[in-house]
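Laboratory data are not the source of any read-out in this text; all were calculated from the coordinates shown. For clarity, every value in this text was computed on a predicted model and none was experimentally measured. Using ideal geometry, Cβ is built from the backbone for each residue, glycine included, and neighbour counts are taken over all protein chains shown.
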Amino acid sequence: MGNSVASVANQARSTDIDFALIGHQESWRAAADVLAVLRGPQHTPIPDDEIKDILPWIPPRAVCHVDVGSIVGANARGLYIDSFIPPDRLEAAYVHENIARVRAAAAYAIKAGAKIVSLGGFSSILIEGNFDQLPQRHDTVFTTGNTLTVAFIVQGIKQMCALEGRSLSKSTLLIVGATGDVGSGCTRCLAPLVRRVLVSARNVERLRTVASDLQAEGVQVEIATDLQRFSAEADVVICAASLASPSLLLGRIAPDAIVCDAGYPKNLAPSAQMPGAKIFFGGLGQITGSMKFAPDFDGILNRHPFPDVVHACLLEGMALALERRFEPFSQGRGFITQERVKEIERIAARHGINLAPLYNADGPLEDARHCHLFSP
Amino acid sequence: MEPLASVRGNSPMECISLSTTAPIWQDILAQAMTGEILAAMNYASLSEICDDPAEVADALEHAQGERGHAAAFAAEGGKIGVGATNNVDAKHWKRLREAFLRCIAERDFIACLIVQEIMLESFAVASYSRVGKVAPGSLGKTFARIAAEEEDHVDHAMSILRAERARDAQRFDDKVYRLHLDVMTTLARMLARECKDGHCEVCHHTCVKPALFDVSLSAAELRGASLQQYLKTLDMLGIPGEVTLAWVTQLPV
């Protein structure tokens with residue numbers, strides 16, 4: 001233990017940090033696994049009830065170093081910073097406490113000297129409309145990572161349609177969470193490719209405003225106020241709502257509908273009965289160069305059935321660091337355009353960051369060797 | 001960063017009648033007095049290894065201050081009709097004193113500051129602050145005042161320790177880690193939700209921890225707040241957060 005701690009300390013001192021990833025754990029199980037790695041195999045694991053007592057008190061801080069390598073030989077060094085938002089406190093009731101945690105995590109990233117910071121999962125949701133609440137520092141920039149998330153959701157939809165032999169152009173697309181940055185970005189990118197677009201969100205007034213803005217841009221959408229009714233009409237569904245836990249029920253979904261759950265945390269309730277629906281987890285990318293954690297959190301921080309798969313919101317910062325483009329690529333809400341999506345896709349692909357093989361809660365949906373049909 | 005779960009009944013006006021909770025405050029005061037007397041002993045010992053007369057005077061002044069804190073806690077016990085007695089020979093406190101005396105034996109001034117100001121004071125500042133928020137009347141005010149004074153001690157030591165770390169960060173961090181294993185392991189056992197090693201020898205009857213809920217406190221909250229304060233203090237020293245996180249997660253629970 002002493003040696004490993006000393007070596008990490010040495011690394012922390014000697015390394016220039018290119019990027020930082022701010023994330024949080026989606027479940028208590030995931031949090032327990034992170035603490036188990038930190039505690040080491042020589043110690044008995046912390047009991048689950050003790051973890052729930054201890055974790056909320058941990059101030060945001062780095063958990064490990066992350067080194068990524070590109071397929072064209074570029075390298076970038078980073079930190080994974082956990083905000084330690086307790087998994088059961090992602091709800092709106094804790095918004096002020098959680099924003100404070102993200103701010104503290106951002107301050108940590110700045111102090112560590114990160115040139116670009118990606119905001120993962122709820123960190124991004126909390127901050128996308130509140131960038132002014134982040135600490136200001138000219139040599140550290142922040143990105144929500146939402147543009148690459150949109151890119152991989154769109155690629156995933158195309159991939160799934162190809163796997164299922166569907167024609168996207170004949171589809172009715174329903175976007176749940178359409179008022180968010182990711183939801184509206186997906187709408188802009190996919191609307192020209194499908195027959196009909198239905199948009200849904202909890203806040204109907206805001207939905208009307210977003211729909212009106214999209215229509216002004218030439219994107220034709222219909223407001224789906226009754227999710228139960230409209231979900232039956234859609235044969236392609238993107239779930240991009242900002243939900244604290246997997247609680248979304250789509251109701252009478254169309255038989256054989258393709259459903260992309262793009263939430264972090266996931267949107268769809270495990271109890272959702274959708275017989276025949278083809279569900280996949282969207283917004284995930286895979287690093288085909290290299291990714292190394294120190295200490296080794298492989299499979300703990302990236303809990304996916306395929307290696308080196310990461311949420312695209314975090315990958316965006318890594319891709320930009322590999323490209324040496326330290327700029328706030330995704331900020332605010334409602335600014336994701338097709339052109340920006342193409343641009344970040346090109347940057348990511350140049351460094352070997354591509355759509356991850358598709359999978360869902362039951363496991364892989366395709367042979368990993370046959371993926372990337374739609375890589376740009 | 002304070003968990004919302006801990007925000008409950010913070011107004012002294014909401015506190016339960018002192019007559020029913022006096023035995024709980026008696027044990028809380030006994031623990032606090034023991035900590036203060038131990039701190040006074042530590043500073044007195046520290047004065048014996050200081051070369052600079054100003055440092056000697058400083059250490060003796062701190063020792064006097066800690067004795068004053070112990071007296072203030074004893075006086076608060078008197079106000080609520082309980083006699084709070086300290087026991088620096090109680091098993092956990094004795095171990096903490098022995099750890100400090102090893103630093104004295106090595107004439108390691110910096111190690112003494114790390115143990116007293118970073119480790120023991122983190123525990124004191126955090127736990128007194130929590131108690132200060134829920135304890136009624138002058139009892140609460142005394143805990144809050146002493147928490148603030150202890151925090152000033154930490155600030156004073158911080159500049160010396162930062163300068164020391166700037167000279168050789170690796171050597172400094174290794175020293176903190178060695179002391180962490182010794183001192184924080186004992187503190188973690190004291191702060192555990194349940195005393196698994198038997199009676200602590202400070203509480204007057206049975207362990208006070210299960211009764212803390214009756215005064216809007218909990219052992220888990222005091223531990224969480226103390227470890228949070230400790231991590232933040234280590235951050236201020238500049239020790240990498242991923243390193244200190246591993247240290248803390250490896251402590252006994």
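Remarks
- Odd one out for B:Ile239, checked against (1) over 19 Å from A:Ile51 (Cβ atoms); (2) in contact (Cβ under 8 Å) with a residue 12 or more places away in the chain; (3) assigned to a helix (DSSP H, G or I); (4) at the interface with chain A (Cβ under 9 Å from one of its Cβ atoms): (3)
- Checklist (1) farther than 27 Å from B:Tyr230 by Cβ; (2) within 11 Å of chain B (Cβ to nearest Cβ) applied to A:Arg101, failing item: (1)
- Close pairs (6 angstrom Cβ cut-off, 6 or more residues apart or separate chains): closer than 14 Å to B:Phe109 by Cβ in region B:159-175, among the β-branched types (Val, Ile, Thr) anywhere: B:Glu164/B:Ile110
- The listed residue being among the aliphatic types (A, V, I, L, M) and outside any helix (DSSP H, G or I), out of A:Met318, A:Met291: A:Met291
- Filtered residue count, region A:264-295, keeping only those that are of a type in the set (D, E, K, R), crowded, with 18+ Cβ neighbours inside 10 Å and touching a strand residue (DSSP E or B) at 6+ places or on another chain (Cβ under 6 Å): 1
- Residues that are in contact (Cβ under 8 Å) with a residue 24 or more places away in the chain and outside any loop (DSSP other than H, G, I, E, B), drawn from region A:251-267: A:Ile258, A:Cys260, A:Asp261
- Members of region B:226-236 found to be at the interface with chain A (Cβ under 7 Å from one of its Cβ atoms) and either surrounded by fewer than 23 Cβ atoms within 10 Å (Cβ to Cβ) or within 14 Å of B:Met158 (Cα to Cα) (or both), listed by number: B:Gln228, B:Leu231, B:Lys232
- Elements of type strands (runs of 3 or more DSSP E) contained in region A:138-250, each with 2 or more residues being over 24 Å from the mean Cα position of the chain (by Cα) and touching a residue at least 12 places away in the same chain (Cβ under 8 Å): none
- Tally of residues being among the charged types (D, E, K, R) and closer than 17 Å to A:Gly120 by Cβ across region A:75-99: 2
- Residue that is nearest to the other protein chains (Cβ to nearest Cβ) [pool: residues in region B:197-225 that are of a type outside the set (A, V, I, L, M, F, W, C) and either part of a helix (DSSP H, G or I) or closer than 30 Å to B:Asp173 by Cβ (or both)]: B:Gly224
- Residue check for A:Ile46: more than 7 Å from every other protein chain (Cβ to nearest Cβ) and assigned to a loop (DSSP other than H, G, I, E, B): no
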